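Values in this text are rule-based calculations from the coordinates and carry no lab data. Keep in mind that what you see is a predicted model, and the values were worked out from it rather than measured. In this analysis, Cβ positions are derived from the backbone assuming ideal geometry, glycine residues included, and neighbour counts consider all displayed protein chains.
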Amino acid sequence: MSRRFTEITLFLSVLCLLLGTAYAQYGASLEGTVTDKSGAVVPGANVTITDQATSVSRNTVTSGSGFYRVTAMPPGMYTVSVEASSFGKSETKNVDVQAEKVRGLNITVSPAATQQSVDVSTEAAGLETESANVDGTITTKQVDRLPTYGRDPYSLLRLAPGVFGDASLAGNGTANWFPNSPGPGQNDQPGIFQNENFVQATANGQRASGNNFMIDGTSVNSLTWGGAAIITPNQESIQEITVVSSTYSAEDGRNSGAQVKVVSKSGTNNFHGSGFFKYDEPGLNAQNQWGGPTPGTPTEKVNVKARDFGGSIGGPIVKNKLFFFFSYEGGRYSNTNYSTQWVETPEFDQLLAATYPNSLIGQAVTLPGNAPRILNVIPQTDCSAVLGQGYTAPGCHVINGRLDVGSPIGTYGDYAPVFTAGSLGSGFDGVPDLEEAFIALPGTSKGNQYNLRVDYNLGSKDLLAFSGYMVPRNDVVATNSGRPNEDLTFEPRNKYGAILWNHTFSATLLNEFRVNATRFFTNQYDTNKNAYWGIPYLQIEQIPNNRINYGATQGTNAPLMAAQNQFEFRDNLSKNMGRHAFKMGGSFAMNQDNNDYEFGSQRPIFVYHELWNFFNGAPIYEGIDADPRSGQPTDVHKYFRQNDWALYFQDDWKITPKLTLNIGIRYEYFAPLTEKYGRLSNLYLGAAGPDALTTATVKTTDQLYPPDRNNFAPRLGFAWSPFSDAKTVIRGGVGVSYNRITDTMTGISRVNPPYLFRYGICCGTETGAFGTPYVGGQIDPNVVGTNYQSMYNYGPNPVLTNNFDPTTGLPITGSVEVWGAPQNMATPYIWNYSLDVQQELPWNMVLDIGYAGSETRKLLRIVNLDYIYSNAGSDTASHANPVYFPSTSANGNYSALLVNLNRRFSNGLQFIGKYRFSKSMDTVSGEGAGFETNQFWPLNQTWDYGPSDFDSTHNILFTALWDLPIYRNRHDWVGTLLGGWHVDGTYQYHSGFPWSPVQSNDCPTIPLIGSAPCPALVTAQYMNGKSGLANDDFLHGGIFPNALVTVTCPGGATATINQYFQPADCSQPPAGPPFIHRNSFRGPNYSTVDLAIGKTARLPWFGGESSQIDFRANLYNAFNRLNFEPFGYSSSATSINSNTFGQPQAALAGRVIDFQVRFTF
């Protein structure tokens, strides 16, 4: 933990103690106009709003136009009383104010001789008369009752208008993302313990990385990844969640996607709480009905054994003054996956250890825990597996189902003559060397989440607050090789704390100040002291289906060393004046990215070509991060710094009691990346034109790119009730939003020269082959010391210092990877707009029909400059390869028809029905350093323009809470025994995601550039395939059944071609462009039903009349429908050269069942 973070944490803790308590931030408001019976406005009326749970009151006075507004309100039920001279007192009870939303309430007062009391309802009004925002509120009932796998409340974001996602699970129960979507947590189980929860949700056509997460009005966003939250609050702690998909409030910023605003629960004047236990056993779950395109592949089921438990307690410390709320959730999970792999035999390891006991390789195979967890050996009957790898015929001798592939040749340090004399070494010796095995890969996870909130009402002028979450987690993860000594523990620690001070200057002037800190930290090196970090990562290639691995995984994030700190200060000032509700403020965030992602890359990886080179310790390849000036392995731990600023002004103008205008402007400045100690470098291009890489140089710099300060975001919205019955609202708006450039796009510059080279040294071979022994000493296994549990067990390799050119910052021979940034980086932004009509219907229903759209500009994309600039005759270009730049040069657009039908909870029934007909287009749909975000033809984005990877034309969702009418209103023992049944659930259908047929062989070369991006779009020569998109069709090739056929070519030779994209005469189609545009075809659709079936029984004898216990079964994919994994960028399903072209490669999860019991009082 850094000294600075410790100091700030202690300061906040002491301040919290001095304050005595805390009070979380709120963004809800109540406003309206006070009139008399004739419709005339009533100025100077005293309006008192009282929280019915805490008895805390707020006061204001109507303006000269009869307008009042109260801001910074926690969600809940309120009593609103109005008193004015010459008028009787008016009291309106049970006014439901929802989280982070503005509710309108116009009040009519009567003459002084009368008083009136009105009970509005138990639920919020459905019409939104004060704001143009496209948004929705997820209530406490929905959070508590709807089935959510892993109890992850963010999986409910898809219920909100304008938000799309399906919360689906992969076949093994991990999160299933949008196609080609990079981000953290891809192998995580969904749930609240994820260290960076990258939610599968897109709003208004924006990338998932554009989502913004807040708790109690303060940020809990990941610093590294956009659209990820470092705190996922447990369900017991959530009061409500407001999700805004299109915003016209200048207060909203940082990102342009969904604004997710969580309000945590607080204590009240009565003690209340809960306790729960959730049980998930793999034996309850169903197989997913389809194992894949290869016949005989077994089906899969979610094999996670899960136990979740926890509870909450809240109440008064001092009634009407001081309140507390505490919640806890724990999770214990275990899961065993299985893998079929080729591994070395025990006899091979024993022979190696006996022959070279003191060598690096001999030590590696005798380390404790080296033997894989083999459940059984799969007997072989022939040598086809190794002959397929090019082994010298006959390839092997089969010995009791295992393979003898030869014997050692030469001595330790000598290269075996595998390229010049074959793979058999000294010939067969009757000892088995390789075996195919079925291996167990067990894993466990232990998570805990603690939440504390304290509210303190100092008086009529001041409120103080604290809200905090802490999430420690402990995982033990087995690597794919299944060797116990490669198991690693993972212990992330996520923390969040916020302090708020609200001060009321007058009845119409309020100031809100808040400060918060978040931290994500893990040190996998310290938590794995017994791991063998001092042994390089050893791999044997030319093994059937994969490689044989020894040692803990090496490379970026292995071990993971993460330390992200964010400190944010916000201040908002609200003023009511006449018909105007003004709000202005700003924020300042200090972001510290102290991640040491390259820590593990200073440990070398050695790759050996076939078994006998491994036996002799003679690698063909070495990968290592080292300082080119000294040859010393290094990570050059960087301490990145970056600050964010924002200012805004908002005017909600109540022009008439039926017309509200939302006018705002926001300014945001996201400063460029800097490094605390000045160790930042970038690649600067040379002369303009296609040969700009020729004279490019790497230079140190104080900031990665020049700042973009032109980030003004105007916003305008309106809400108009045109008719006297006030049952219709017409709303619309237009506005600009900006997106912060995330660290994942810029922080990877930590690998740049001259501080380190990402060396990839090849190829060490026997003399006379295509390489040379040890590449002239550049590959050096002798740098390994004898302290096998220390990452610092590697000495310098002086030979590497001979390959550094200080004038260019690049190697003299060979190449090095560079991640930089152009000098014209801009802040990505969007124009969003909407128009909708809300109509109140009978039976507590509201119908909303509208249009929403967006135009995205300057979206981020990763560009490989080797596909942009010519390499011909360029020494510099060949030595900087690859070169990746984030570029703000992609665009997109989105249009959607949105239909929403909502019924407020009444008479035991609540539901939401959604339909979206939409089209999202862009030139690239994700950002990040993964290959899946590569464009096909980056030089000219014309061919990459197509439907977004997350585009789904039709989306239908229906979710409901239903208390069955069986003895529902009986409160005697009959009702307790036979009543209380409820059925809750969600049905969703959406059409398939788009995909691109690609060619994996003979990829076209970019003219004048000389590079050939692969995979590549196919040329525009397409023969029509089968029509229809039923899921069953995809079991047989989708719209391209029997794609690969054998044809006779001119001259009599035969060839295998794709009959839909390649000519039958075996000729090569003309090299593109033109191409078939990206994402021109659609994959399988998706449909599922998640159900919760439960029974609630009252327990008035324990904890009072509100006490009850609920027994529930949750069924995810209740009817075990077969859904398929989406087609991805590099999937065999999309390659026209694959024999599984057009077929899904895997099925999503089958039915999963868990049981829960929950007690509340």
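Going by neighbour counts of Cβ atoms within 10 Å, the residues Val244, Val377 line up, fewest first, as Val377, Val244. The fewest-to-most ranking of Ser790, Ser264 by surrounding Cβ atoms within 10 Å reads Ser790, Ser264.
If you wrap the Cα atoms of the stretch 25-119 in a convex hull and average its projected area over all directions, you get 5.6 nm².
The Cα center of the stretch 935-968 and the Cα center of the stretch 474-532 differ in position by 31 Å.
Give the distance, in whole Å, between the Cα centre of the stretch 806-820 and the Cα centre of the stretch 365-420. Going from one Cα centre to the other spans 39 Å. Remark: spin-label model distance Asn270-Thr700 equals 6.7 nm, labels positioned 7 Å along the Cα→Cβ axis.
Across the alpha-carbon set of the stretch 339-441, the Rg to Rh ratio works out to 0.97, Rh being the Kirkwood radius. At full extension, Lys141 and Asp36 could sit 34.1 nm farther apart than now, given 0.36 nm per residue minus the alpha carbon distance. Between Lys319 and Phe958, what FRET efficiency follows from the Cβ-Cβ distance if R0 is 35 Å, with the result rounded to 0.05? Rounded to the nearest 0.05, the efficiency is 0.20. With the convex hull constructed from alpha-carbon coordinates only, the stretch 543-669 shows a mean projected area of 14.7 nm² over all directions.
Fraction of C-alpha pairs exceeding 22 angstrom in the stretch 491-597: 60 percent, rounded to a whole number. FRET efficiency for the Ala393 to Asn337 pair, using the beta carbon distance and R₀ = 30 Å, is estimated at 0.25. So what's the net charge close to Pro161: Lys and Arg +1, Asp and Glu -1, counting the other residues with Cβ under 14 Å from its Cβ? It works out to a net charge of +1. When the helices of the chain are scored as -39500 (n - 2.57) per DSSP H run of n ≥ 4 and the total is divided over every residue, the value at 222 nm lands at -1500 deg cm²/dmol.
Panel order for Tyr705, Tyr149, by other beta carbons found within 10 Å of each beta carbon, from fewest to most: Tyr705, Tyr149. Cross-link pairs exceeding 30 Å in C-alpha to C-alpha distance, out of Lys265/Lys727; Lys141/Lys919; Lys638/Lys858; Lys583/Lys914, comprise Lys265/Lys727; Lys141/Lys919; Lys583/Lys914. DSSP assigns beta bridges within the chain; of those with both partners inside it, close to 95 percent run antiparallel. Extending 7 Å from Cα along the Cβ direction at Asn106 and again at Asn864 yields two label points whose distance is 6.2 nm. Value of Rg to Rh for the stretch 365-493, rounded to two decimals, is 1.40; Kirkwood radius and Rg both from alpha-carbon coordinates.
With angles folded into 0 to 90 degrees, how steeply does helix 346-355 sit against the dominant principal axis of the chain? Use alpha carbons for both and round to 10. Between the helix axis and the principal axis of the chain, the angle is about 60 degrees.
Diagonalising the gyration tensor over the Cα atoms of the stretch 175-249 and scaling each eigenvalue by 5 before taking the square root yields semi-axes of 19, 17, 11 Å, largest first. Averaging Cα coordinates gives a centre for the stretch 694-718 and one for the stretch 728-772; these two points are 17 Å apart.
Volume of the convex hull of the chain (Cα atoms only), normalised per residue: 177 Å³. The shape of the stretch 703-825 can be summarised by an equivalent ellipsoid whose semi-axes, obtained from the alpha carbon gyration tensor, come to 59, 18, 15 Å from longest to shortest. Charge tally for Val784 (other residues, Cβ to Cβ under 15 Å; Lys, Arg +1; Asp, Glu -1): -1. Does the stretch 730-793 come out rounded, prolate or oblate, given a ≥ b ≥ c as the square roots of the eigenvalues of its C-alpha gyration tensor, rounded meaning a/c under 1.5 and, failing that, prolate meaning a/b above b/c? Since a/c reaches 1.5 and a/b is larger than b/c, the shape of the stretch 730-793 is classed as prolate.
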